[in-house]
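**Student:** The following block contains the structure, expressed as structure tokens.
The values are calculated or read from the model by the stated rules, or taken from the named source; none is laboratory data. Quick caveat: nothing in here was measured; it's all calculated off a predicted structure. So basically every Cβ, Gly included, is an ideal-geometry build from the backbone, and we count neighbours across all protein chains shown.
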Ligand SMILES: [Zn+2]
């Protein structure tokens, strides 16, 4: 398309048809301007696609449940941000009531799994 147009412009120039030359020059300039604009838009689009992918990966990472860190005599701990849940767990004589109702870490939003603890493997 662009090559055809350049050829056409060349032919018109050779024909010395001065009336149309100005229009042709203008059109050629416009085409060049649009090409540049298109290039800029393409790079903006690919940058926005890249950022979208990063955001989706970030969200997905927090969607996959991670096992809560539970150690004797310690409040449960988020496996991602390592914030402890002592605000959510009553402690009686060193025994923490595990905050198993928490589906997500209240600090970073990581989805939690308490299953290992329930199976007694922690
Ligand atoms: Zn967290």
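**Student:** Please go through (1) within 21 Å of residue 58 (Cα to Cα); (2) modelled with pLDDT under 95 for residue 94 and return the number of the only condition it doesn't satisfy.
**Tutor:** All conditions pass for residue 94, except number (1).
**Student:** Right, another one. How about region 79-101: which of its residues are free of Cβ contacts under 8 Å to residues at least 24 places away in the same chain, within 14 Å of the ligand (Cβ to nearest atom) and surrounded by 15 or more Cβ atoms within 10 Å (Cβ to Cβ)?
**Tutor:** Across region 79-101, the qualifying residues are 84, 85, 88, 99.
Yes/no matrix, rows are residues, columns are (1) under 30 Å from residue 114 (Cα atoms); (2) free of Cβ contacts under 8 Å to residues at least 60 places away in the same chain; (3) within 16 Å of the ligand (Cβ to nearest atom):
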{"site": "8", "(1), (2), (3)": "no, yes, no"}
{"site": "29", "(1), (2), (3)": "no, yes, no"}
{"site": "40", "(1), (2), (3)": "no, yes, no"}
{"site": "47", "(1), (2), (3)": "no, yes, no"}
{"site": "55", "(1), (2), (3)": "yes, yes, no"}
{"site": "77", "(1), (2), (3)": "yes, yes, yes"}
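**Student:** If residue 61 satisfies all but one of (1) within 15 Å of the ligand (Cβ to nearest atom); (2) modelled with pLDDT of 95 or more, what's the number of the condition it fails?
**Tutor:** Of (1) within 15 Å of the ligand (Cβ to nearest atom); (2) modelled with pLDDT of 95 or more, only one is false for residue 61: (2).
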